[in-house]
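Worksheet: the structure to be examined is printed underneath.
Every number in this text was worked out from the coordinates using simple rules, so none of it is lab data. This is a predicted model, so every value here is computed, not measured. Neighbour counts run over all protein chains shown; Cβ positions are idealised from the backbone, glycine included.
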Amino acid sequence: MSSVTTQIEDERPSSLWRDAWKRLRRNKLALTGLGVIAVLVIFAAFGPWLTPYDFLSQNLDARNLAPSLSHPFGTDDLGRDVASRVIYGARTAFLVAVLVTAIALAIGVLLGAIAGFYGGTFDKVLMWVTDMTMSVPQLLLVVVINASLKQPITLWMEARYLATMNPIWRNGAIIDFALVFGSMAIISWPPYARLVRAQVLSIRNRPYVTAARALGLTNRLILMRYVLPNAMGALIVAVSAGLGTAMVLESAFSFLGVGVNPPTPSWGNMISDGLRVWTNYPHLLVAPAAVLAVVTVAFNFLGDGLNDALNPKGQK
Amino acid sequence: MTALLDIKGLTIDIARDTGPARVVDGIDLVVNEGESLGIVGESGCGKSLTMLSLVGLLPNRIKATGGTAQFGGADLLKMSPRELRKLRGAEIGFIFQDPMTSLNPVMRIGDQIAEALIYQTGMAKPAALTRAGELLELVGIPSPRDRLMSYPHELSGGMRQRVMIAIGLAGSPRLLIADEPTTALDVTIQAQIVDLVRELKDRLNMAVVWITHDLALIAGLADRIAVLYAGTVVEDAPVSTIFEKPSHPYTRGLLGSLPTLTDQPMSRLPSIGGTPPEPGRRPPGCPFAPRCALAIAACSAAVPRLTAVPGSDPRHRVACIVTTGQSEAAA
Ligand SMILES: Nc1ncnc2c1ncn2[C@@H]1O[C@H](COP(=O)(O)OP(=O)(O)O)[C@@H](O)[C@H]1O
Ligand SMILES: [Mg+2]
């Protein structure tokens, strides 16, 4: 059966997603954005094999070098290759953005769908929680979460280390990432929950949902097969924008020292380091800042393009 | 003939901030096995809500507050949501008004029909898809097996309504309720859909309730017609009687406006002035009295009950004290 299905599918090029892709392909800005993101994903995934230098290896004879052929973005105050560090920073940025968005999305879709579809007390409580979370400044929330959790987690990991003597428990980067993922996910899920809830609220009264009810399908089936798939378009647009936002957030937190800490390179902590010496060595600031700006713009272009492609009549 | 569905004294209220507003006020209606009943009335008179109340699909804040609806030996209005869900599709199928929006836009036609079959009959997916193809063939869709792979937006309105009918038939229901299924379609397509449903009804031996505000459309389909006005049945008779000897002034008004039907759906009634009462603002007595040319003082005194029309078909009943001569008797 499945072979028949695929065969017919191939003869029949018009599906909703294919139509959307066709519209997206006509949008030059969106394609540019997609291209930039694709290049960065490749660097993030294969960075260690693509970079000429190790991002950690110091060369004290080659400190603060200006950009040149052998060091396209120059070197920093410890003689590390800035290009390699920027590429490794892409890895950090994408890792954080993808994981945070995945966690936030999972929580947001689950809670938003239940609230929108079933309503009632659960919906009221959820709205209240999202209102609260979204009204506290994001940065403040992250600082509070970091400040209150970092020490207990560090102590717990130290205890694990003493119990197991496994050096992984002494890896500070793990704590950094856990805290960054955790606190960013906590501030990122409410907008997804609200979006999904709003979508579900509008979709659940559409005629095809009533028709599905008239067929005696269960609520669960209706939610999974009729309501959520029709919210996909809006969700994809939001995820594209959300990934960009998550990258900027990660950089902002790392810049302020509550995110990823050195020596792990993040565009944020590189900008922070570069800022201190930018009058003498502007390349240390410009390189990570420019890359961050380009990625952010790329995600915006892609998000706009997706919005037009998935909502061709401008309806949401 | 045995009654498949027997509605008695059904009332439906909308919960408003100002209190409940009555939209359906004591409807009595019988659908016999294998019969096709046409329900006619201006939009807003409660046709859809009446049918939705039977299977527990009333919108939020709208409730059936009284009456009974016997179906297969049980009262639908007393069933639990779960029992009603099992009944939907399997015993009572629905076809809705707007085929353009009644199909899930992101699901293939075949999957949508198969879903109903898998869910209602426990069929495996391959068998359900095969059966879905047969159903598409049954409702007259060309190259049905290719169409299984289509998305709704690739089909015309008429084709989509045929798909809706196929879905409505998937569970082999004993009663098919078609709620203005052709209102959104071209006139020529309308006739095709009517023909299709008539043919299917005979072939599958099911009862059909066809809701419309277009008397002419169902003249050839319905065995019997019930005329609704402001949430009450004002006249109920075999189709030929309705056309030959309409008794209620409202029915006569509907028939009087028939010639305009071919070019415009009847949403306004040129031969009857005024508009039906809003829900919750029903006049005392006969709800049609304020618009009725024959109204007398007694009409506003009490709500007229459906009674047999003297000298007509024994199944002909009307709720009007003037045309049945009760007003003289009372006087
Ligand atoms: N979801 C709803 N909320 C509030 N009022 C409604 C709703 N649906 C229908 N009504 C009211 O109930 C009355 C009857 O509606 P309906 O049964 O849909 O009429 P019909 O199908 O005969 O056109 C209308 O006057 C309408 O205003
Ligand atoms: Mg209606």
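Of note:
- Only one entry of B:A21, B:A90 meets the criterion of being assigned to a loop (DSSP other than H, G, I, E, B), touching a residue at least 40 places away in the same chain (Cβ under 8 Å) and either away from ligand 2 (no atom under 16 Å from the Cβ) or away from chain A (no Cβ under 14 Å) (or both), and that entry is B:A90.
- B:I118 within 11 Å of chain A (Cβ to nearest Cβ), without any contact (Cβ under 8 Å) to a residue 12 or more places away in the chain, outside any strand (DSSP E or B) and among the β-branched types (V, I, T): yes
- Residue match in region B:63-82 (condition: of a type in the set (K, R), part of a strand (DSSP E or B), more than 28 Å from B:V194 (Cα to Cα) and more than 9 Å from ligand 1 (Cβ to nearest atom)): yes
- The set of residues in region B:33-50 that are more than 8 Å from ligand 1 (Cβ to nearest atom) and of a type in the set (A, V, I, L, M) comprises B:L37, B:I39, B:V40.
- Looking across region B:35-62, the residues that are part of a loop (DSSP other than H, G, I, E, B), within 16 Å of ligand 2 (Cβ to nearest atom) and either aliphatic (A, V, I, L, M) or within 13 Å of chain A (Cβ to nearest Cβ) (or both) come down to B:V55, B:L57, B:L58, B:P59.
- Residue-level check: of (1) more than 14 Å from chain B (Cβ to nearest Cβ); (2) within 25 Å of A:V129 (Cβ to Cβ), A:D176 misses just (2).
- The residue list A:A193, A:A234, A:A211 contains one member that is away from chain B (no Cβ under 14 Å), of a type in the set (G, A, S), assigned to a helix (DSSP H, G or I) and out of contact with any Asp or Glu (no Cβ under 6 Å at 6 or more places or on another chain), which is A:A193.
- Any chance B:V23 is farther than 30 Å from A:P229 by Cα and under 15 Å from the mean Cα position of the chain (by Cα): no
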